[in-house]
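No value in this document is a laboratory result; all are computed from the given coordinates. On a predicted model such as this, the values are computed, not experimentally measured, just so you know. Backbone-built Cβ (ideal geometry, glycine too); neighbour counts: all protein chains shown.
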Amino acid sequence: MALNDTKIRSIRLPEKPVKLFDGDGLFLFVTLQGSKLWRLKYRHEGKEKLLSLGKYPEIGLAEARQKKEEARKLLAAGIDPGAVKKAQKQAETEETEIFEVIAREWHTKFSPTWAKTHTDGIMSRLERDIFPWIGKRPISEIKAPELLTVIRRVESRGALESAHRVRTIAGQVFRYAVATGRAERDPAADLKGALPPKKAKHHAAIIDPKEIAALLRAIDGYTGHFVVKCALRIAPLVFVRPGELRHAEWSEIDLEEATWNIPAHKMKMKDPHLVPLCRQAVEILKDLHPLTGTGRYVFPSARSFARPMSENAILAALRRMGYSKDEMTGHGFRAMARTILDEVLHVRPDFIEHQLAHAVKDPNGRAYNRTAHLSERRKMMQKWADYLDGLKVGAQVIPFQKAEG
């Protein structure tokens, strides 16, 4: 029997899904949750197919029958109504719902807080590893298996770490799309464990006191660019990240107070950081100030004072002094300080971690502010600088405490 509105409205919650037929393949599918969905069963090129026509009561009985007739006319002309609907949906997809458009929007919104190298690296991965495959796809239609195929292409190049980074970037874009109402969920989250784990990567560092002494003497004897030499000399004294060092600005440094205030947007953890400057660091900066003090950057590029020193400048200087990438890196000064301060000078670990700008919390679980333990950290930084001076001039080296077993 054909359906009518009274019959449809009187349908109660079924014990199992129910199909109520109206005729010519049109039926109302009633789910266990009580949803009433219009469906049209038809055959095209010998295959049985199903076409969704909408949900009742948004689509009433009369409109559902009209959609059925339109579909039957297409079938009579040899056209699959399901294929037509899919094509129309793709054509109607708004440009703002395309993965590439959303990704570029996300990148534009958040990149002002990133370092330039990070900004460029993210866009390079998007354009090389993601956009060619899913860039033109509606973001709401991309599922985990399709995204995994994209990531596997990167992994197949032998670039496992890059594959993990591509998954992370894609996940950030999907979460942004969810937050802005253009996707339901993040399929990248479903790929956790789908890739082999990354191998731990450690920055090469010199931590033996005798070898540190030789390195410090090599720095003092460096005959390259004066700005680079100053950066090399101050790097072990402040042990900040290489990017934070080369982007240092004179406006952030108070030579009278012997402090360096690094703003949040330059820090990895996006929190402002305070570096107490030891006497030796202040002397280096005073020596450098007549050369670069009228510009923006403490350590400007050799080609232009309007740009910071190249990220490869310190690495190149270390290579020139004979230190390979497996022996020492710009990041290695952090590991050097952390190890010696802890194992040789026996400084409290939380002071060290705080000065390294790592996440350190008080007994109540709250993050310390940038001035926490400032007096103790200032003493630590001076003690560390004096220890390095002692190594450099050949003072007695305090040995490591050997761990038992």
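Ordering MET267, MET309 by the number of other Cβ atoms within 10 Å of each residue's own Cβ, fewest first, gives MET267, MET309. Maximal additional length on extending the THR31-THR149 stretch stands at 39.1 nm, based on 0.36 nm per residue less the C-alpha distance. When MET380, MET269 are arranged by Cβ crowding within 10 Å, least crowded first, meaning fewest neighbours, the order is MET269, MET380. Residue-wise HN-Hα couplings along the stretch 213-229, as the Karplus relation 6.51 cos²θ - 1.76 cosθ + 1.60 with θ = phi - 60° gives them from phi, are 4, 5, 5, 4, 5, 5, 5, 4, x, 5, 10, x, 4, 4, 4, 5, 4 Hz; Gly and Pro carry x.
Around the amide H of PHE21, modelled in the peptide plane, lie the amide H atoms of LEU28, all under 5 Å away and 5 or more residues distant in sequence or on another chain. Taking the helices alone, the chain has a mean residue ellipticity at 222 nm of -13500 deg cm²/dmol, built from -39,500 (n - 2.57) per DSSP H run of at least 4 residues and averaged over all its residues.
Remark: the stretch 96-191 projects, on average over all directions, an area of 5.6 nm² (convex hull of Cα atoms). Across the options SER304, ALA183, ALA372, the greatest Cα extent toward the positive end of the charge dipole of the chain (unit charges at beta carbon of Lys, Arg, Asp, Glu) belongs to ALA183.
For the chain, a simple Cβ point-charge model (Lys and Arg +1, Asp and Glu -1, everything else neutral) yields a dipole of about 1180 debye relative to the Cα centre.
Around the amide H of TYR56, modelled in the peptide plane, lie the amide H atoms of LYS36, LEU37, TRP38, all under 5 Å away and 5 or more residues distant in sequence or on another chain. Distance between the 7 Å Cα→Cβ label points at ARG137 and GLU256: 6.1 nm. Could you tell me whether the stretch 209-392 comes out rounded, prolate or oblate from its Cα gyration tensor? Rule is a ≥ b ≥ c as square roots of the eigenvalues, rounded for a/c under 1.5, then prolate if a/b exceeds b/c, otherwise oblate. Because a/c hits 1.5 or more and a/b fails to exceed b/c, the stretch 209-392 counts as oblate. When the charge dipole of the stretch 209-392 is built from unit charges on Cβ atoms (+1 for Lys and Arg, -1 for Asp and Glu) and taken about the Cα centre, the candidate among ASN261, PRO276, GLY293 whose Cα reaches farthest toward its positive end is GLY293.
A straight Cα-to-Cα reach below 17 Å connects LYS55 with the aspartates and glutamates ASP5, ASP22, GLU63, residues fewer than 8 places away in its own chain not being considered.
Taking Cα centre as origin and charging only the Cβ of basic (Lys, Arg, +1) and acidic (Asp, Glu, -1) residues, the dipole magnitude of the stretch 209-392 rounds to 400 debye. Residues whose amide H falls under 5 Å from that of HIS44, counting only those 5 or more places apart or on a different chain, are LYS49, with hydrogens built in the peptide plane.
The residues packed around GLN33, meaning those with a beta-carbon under 14 Å from its beta-carbon, carry a net charge of +3 if Lys and Arg are +1 and Asp and Glu are -1. Other residues within the sphere of radius under 12 Å centred on the Cβ of LYS143, judged by their own Cβ, net out at -3 (K and R +1, D and E -1). Measuring r between the beta carbons of ILE79 and THR113 and using R0 = 56 Å, the FRET efficiency lands at 0.60. Shown for the stretch 209-392: lysine pairs separated by 8 or more places, or found on different chains, whose C-alpha atoms are under 22 Å apart, numbering 16. Label-to-label distance for SER124 and HIS265 is 2.3 nm, based on points extended 7 Å past Cα in the beta-carbon direction. Note on LYS198 and THR6: their simple-model spin labels are 6.8 nm apart, each label 7 Å out from Cα toward Cβ. Computed on the stretch 5-92, the Cα convex hull volume stands at 106 Å³ per residue.
Taking 0.36 nm per residue of separation and subtracting the Cα-Cα distance, what length does fully extending LYS325 through GLU249 add?
Working it through step by step, the gained length comes to 24.6 nm.
Rg and Dmax of the chain, both derived from C-alpha coordinates alone, stand at 32.1, 102 Å.
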